[in-house]
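In what follows, a single structure is set out as structure tokens and then discussed.
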Amino acid sequence: MLTLDGSTGITNVGNLTFTGTGNRITGDFSNGLISNRVLFQTSTANSNTKLGIIPSGTATQSQFNLLNSSDSANSNDYADYLAWLAIEGNVPEAIEPVVVFQINTVSMKKARLALLQAGLLSQVNAALDAMTGGEAARISWNYSNEVNRTDPLIGQLGTLLNLTSIQIDDLFTTASTL
């Protein structure tokens, strides 16, 4: 058994191989302070850490099981769940679906109020004035009853104001509530 106390390290230039069955890598993986937990970290300076699992030999699949008990012999995993589902009459409980919707059209009044609330209305007006073909854009902006999320003018204004697609969606959502 190799035991590390946290103040010393181990350097290994080859594979770390476990023989036998029921082997564990144990340590404090659940400390209240994340900085005190056993963590995986790449040794490459200033690089992201990525964990991978690969099959052995000619196998073509890898699997990662998360178990619900420290007693692995009596734990449930996804394979057990699938076997349970295969038994006639076993049906998982229904969950409430998450409904995601996007507001596509709002009145111009609501659009302007949302922009005012976000502190963007004066920037939109300045962008309209600065646009190539700005007079046509200004007429469209000033005399339309509603604005559609897919209108090319919205995309142009978003670009000029450095707004992401998500920020524009959020503005439409806010406008719909005003």
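Just so you know, all these numbers are worked out from the coordinates, no wet-lab data involved. Computed from a predicted model, the values in this text were never measured in an experiment. Here the Cβ positions follow ideal geometry from the backbone for every residue, glycine too, while neighbour counts run over all protein chains shown.
The ellipsoid equivalent to the alpha-carbon distribution of region 105-177 has semi-axes of 17, 14, 11 angstrom, derived from the gyration tensor eigenvalues as √(5λ) and listed largest first. Of the chymotrypsin sites (Phe, Trp or Tyr not before Pro) found in region 81-150, those in coil by DSSP whose Cβ has at most 10 other Cβ atoms within 10 Å are 101.
Using a simple charge model, +1 on the beta-carbon of Lys and Arg, -1 on the beta-carbon of Asp and Glu, nothing else, what dipole does region 105-177 show about its Cα centre, in debye to the nearest 20?
Working: 5 positive and 6 negative charges, 33 e Å.
Dipole about the Cα centre, nearest 20: 160 debye.
For residue 46 and residue 177, FRET efficiency with R0 = 45 Å and r from the beta-carbon atoms, rounded to 0.05? Mind showing how you got there, number by number?
Details: r = 44 Å, r/R0 = 0.97.
Efficiency, rounded to the nearest 0.05: 0.55.
Using the Cβ-Cβ distance between residue 87 and residue 53 with R0 = 22 Å, the FRET efficiency computed as 1/(1 + (r/R0)^6) comes to roughly 0.15.
Placing a pseudo-label 7 Å from each Cα along the Cα-to-Cβ vector at residue 95 and residue 60 gives an inter-label distance of 3.1 nm.
Along the Cα-to-Cβ line of residue 118, 7 Å from the Cα, sits a label point; which residues in region 126-152 have backbone N less than 18 Å from it? Counting backbone N atoms under 18 Å from the label point, the list is 126-129, 141-142, 146-152. One Cα centroid belongs to region 29-43, the other to region 127-173; the line between them spans 47 Å.
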